[in-house]
Amino acid sequence: MTIRRVAVLLPYPFDRAFDYAVPAGMELVPGAIVTVPLGKRMMPGAVWDDVPDETLPDRRLKPVAGMCDAPALPATLRRFVDWVAQYTMAPRGEVLALALKSNLLQRPPESFGWAAGTPGDRRMTASRGRVLAALAELDRPDTVALAQAAGVSAGVVRAMADAGFLVPARRGAATPAPDPDHAAPNLSPEQAEAATVLRNSVAARRFGVTLLEGVTGSGKTEVYLEAVAEALRQDRQALVLLPEIALSAQFTTRFAARFGAAPTLWHSGLTPSVRRANFHAVARGASRLVVGARSALFLPFADLGVVVVDEEHESAYKQEDGVAYHARDMAVVRARLADAAAILASATPSLESAVNADSGRYAHITLAARHGGAALPAIAAIDLRAFPPPRGKFLSPVLTDALAATLAGGGQAMLFLNRRGYAPLTLCRACGHRITCPNCTAWLVAHRAPAGLLCHHCGHTEALPETCPSCGAAESMAPIGPGVERIAEEAAELFPDMRRIVMASDAIASPDDAAAAARAIVDREVDLIIGTQMIAKGWHFPDLALVGVVDADLGLSGGDLRAAERSAQLLHQVAGRAGRAGVPGRVLLQSFAPDHPVMRTLIDGDLAQFRRAEAALRAPGHWPPFGRLAALIVSAADSGIADTAASALARAAPPPDEALVLGPAPAPFALLRGRHRRRLLLRTPRNVAVQPILRAWLERADVPRAARVDIDIDPVSFL
Ligand SMILES: [Zn+2]
Ligand SMILES: [Zn+2]
């Protein structure tokens, strides 16, 4: 006797799917969510496309235990999970776990209820009649409410649903669907032309990538929303990825104004019940427009028509823990598998995307003019060697004079420093002792609000000691260098009457807080903004007249491949905050190296020139994007074992004609979260796939079991 079998992929770190028998009477489609036994436990899983092993004897197979009341995962999502696993070399189950969280599976009760259906089984009974009568009185009641109103058991209601008397329907005031023609924008000729290109790319209903490059303030968002509108007209879904969830509130307002309905949000800050409702709405196709963080790529879209990656250059799109994937690159893959259009938007495109556009792999649209005719800000450097700040302070007199003039004239100003906390280092003035994290190779950062010392890598906190832990001297511990809180303190002393706000993730914890802060700034309840990179991303502050960059050199000496690129992008974004609507903007960069190439391109406003210089540096050695990189991070609780494992990998390294191997070297944070880390980097020309090389390498190497090897394909940070 043959039994029907299915392969089920489990959201746990297994690469293989497991075979199960399908009980009689159970109908399973590919992608169906089921519960299955594994060992002694029951777990959720998804019916996968793998062919079950028919040679396995029946008695070896356990049956599928049950079906979940959740939508089946669409084929495009299943292929995406397989693709991401293959590319990142993560087990398929670990990738599935990004899409399938067990707390999402139960169908959300709050937005659904029963409506009258067209029954196939017309057998009417007295109790069924009472249910239909009660149904007419109620607005989409759920099972319990309907059974109570009709005075029947819940089983009667469920049986009626099975028989087709009842169909599920959205309850109450359903969220209105976004309307692509709700408030069509007033586009400039340049924007209109770009919008047409993007609309056509969506209307073609096939895969293609467009790089939308527009100077800050050029109205990129209005333009790509026309592509979203086209997807809505086509009855398809749209996904807009944002690098920072703090931005989602401001975007929600803009999207709602354009489409007459709020988008569906997807990020880690949502409550579990909202996440669950949104998950199901996306799967049903009821959610047409999703705005989310990188994990939104793993939502079960019924029919995805366009994926927009806003601020595509942001390194926040790279996930470092667990499955190490780059959401920008995976968004392109997601679009390809769904025959959808992909749009990468940025004022400062990554070198990767710029090179793809130059080579013709991506279409390229440029918006050169600022929307509404606003002029680009005038950018100048302040040479800190010639105009140093007063002793113990961090703002040059040139900058404070400019601030005073702007504020006195009623203008709004911003100070930018990409460093959280009060001081990056606490040092003993008596013996020179520096307070470091016990778990990481890192200094503890002093914070004032709330007060204490904090490790930005592992979260370790301790109180500031009153005596030096090393020499015992009293009151000898001094903060060294500025964080954003210290700049706020200096600004308060200089401009005590001005209304200030600090925008950093310590002070602004949620998207709602960020939206409230942004509103206060736009409504001119704030004169002076002091912030970290949080203020560099996509905010629209129309009255901002002056931006002072406290330390423009920060990031130039990071020692990693993209340090200069990131610095150029960040500073350009900050500069883009100034002078957006009629107010002529001015940007002052405090620097000890005003002649550095990054600083020169910023002052000249010439990012294309910067990219050409970067490309010329990277191309000869096959550095990305002209070659491929993969990092092997070896870690162990014991430093000797980490060394042994790293040497074993080095001995088994692929030959030089196959790939270049650099290392092993201590990872920049040799000790992180209590684990000792060593790093090897593998580099190949662009047309060589690194995964087979890595797989063979790991098989050859005799790595001790107590060590762990993490793989990061296309590493972005080198921590
Ligand atoms: Zn000391
Ligand atoms: Zn730490």
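The values are calculated or read from the model by the stated rules, or taken from the named source; none is laboratory data. Quick caveat, the model's predicted, so the values are computed rather than measured. Positions of Cβ are generated from backbone atoms using ideal geometry, with glycine treated the same way; all protein chains shown enter the neighbour counts.
Restricting to segment 692-706, count the residues that are closer than 30 Å to ALA563 by Cα and either touching a helix residue (DSSP H, G or I) at 6+ places or on another chain (Cβ under 7 Å) or exposed (fewer than 14 other Cβ atoms within 10 Å of the Cβ) (or both).
2
Please enumerate the residues belonging to segment 457-475 that are outside any strand (DSSP E or B), away from ligand 1 (no atom under 15 Å from the Cβ) and either in contact with a Cys (Cβ under 9 Å, 6 or more places away or on another chain) or among the hydroxyl-bearing types (Ser, Thr, Tyr) (or both).
HIS457, CYS458, HIS460
For residues that are of a type in the set (A, V, I, L, M) and within 12 Å of ligand 1 (Cβ to nearest atom), scanning just segment 476-489, find the one that is surrounded by the most Cβ atoms within 10 Å (Cβ to Cβ).
That would be MET477.
Applying the selection to segment 64-97, what residues are of a type outside the set (A, V, I, L, M, F, W, C) and within 20 Å of VAL36 (Cβ to Cβ)?
GLY66, ASP69, PRO71, ARG78, ASP82, PRO91, ARG92, GLY93, GLU94
I'd like to verify a number: residues in segment 435-450 that are under 14 Å from PHE669 (Cβ atoms), within 15 Å of ligand 1 (Cβ to nearest atom) and touching a residue at least 40 places away in the same chain (Cβ under 8 Å), how many?
0
Identify all residues within segment 591-637 that are among the aliphatic types (A, V, I, L, M) and in contact with a strand residue (DSSP E or B) (Cβ under 7 Å, 6 or more places away or on another chain); write none if there are none.
Listed by number, the residues that qualify are MET599, LEU602, ILE603, LEU629, ALA630, ALA631, LEU632, ILE633, VAL634, ALA636, ALA637.
Tally time: how many residues in segment 313-326 are surrounded by fewer than 23 Cβ atoms within 10 Å (Cβ to Cβ) and in contact (Cβ under 8 Å) with a residue 12 or more places away in the chain?
Residues that pass the stated criteria total 9.
For residues that are buried (at least 19 other Cβ atoms within 10 Å of the Cβ) and among the aliphatic types (A, V, I, L, M), scanning just segment 403-413, find the one that is farthest from ligand 2 (Cβ to nearest atom).
Checked segment 403-413; the qualifying residue farthest from ligand 2 (Cβ to nearest atom) is LEU407.
Test each condition in (1) out of contact with any helix residue (DSSP H, G or I) (no Cβ under 8 Å at 6 or more places or on another chain); (2) assigned to a helix (DSSP H, G or I); (3) within 25 Å of ALA404 (Cβ to Cβ) for ILE535 and report the one that comes out false.
Among (1) out of contact with any helix residue (DSSP H, G or I) (no Cβ under 8 Å at 6 or more places or on another chain); (2) assigned to a helix (DSSP H, G or I); (3) within 25 Å of ALA404 (Cβ to Cβ), ILE535 violates only (1).
Of all residues in segment 429-447, which are in a loop (DSSP other than H, G, I, E, B) and aliphatic (A, V, I, L, M)?
Result: ALA430, ILE435, ALA442, LEU444.
Return yes when LEU453 is within 16 Å of ligand 1 (Cβ to nearest atom), of a type outside the set (Asp, Glu), more than 32 Å from the chain's Cα centre (by Cα) and part of a strand (DSSP E or B) and no when it is not.
When the stated conditions are applied, LEU453 does not pass them.
Name the single residue that is modelled with the highest pLDDT among those in segment 399-428 being under 32 Å from the mean Cα position of the chain (by Cα) and outside any strand (DSSP E or B).
TYR422
So, in segment 414-448, how many residues would count as being crowded, with 23+ Cβ neighbours inside 10 Å, among the aliphatic types (A, V, I, L, M) and within 16 Å of ligand 2 (Cβ to nearest atom)?
Adding up the residues that qualify gives 3.
If a residue must be over 26 Å from the mean Cα position of the chain (by Cα) and among the acidic types (Asp, Glu), how many such residues does segment 494-540 contain?
4
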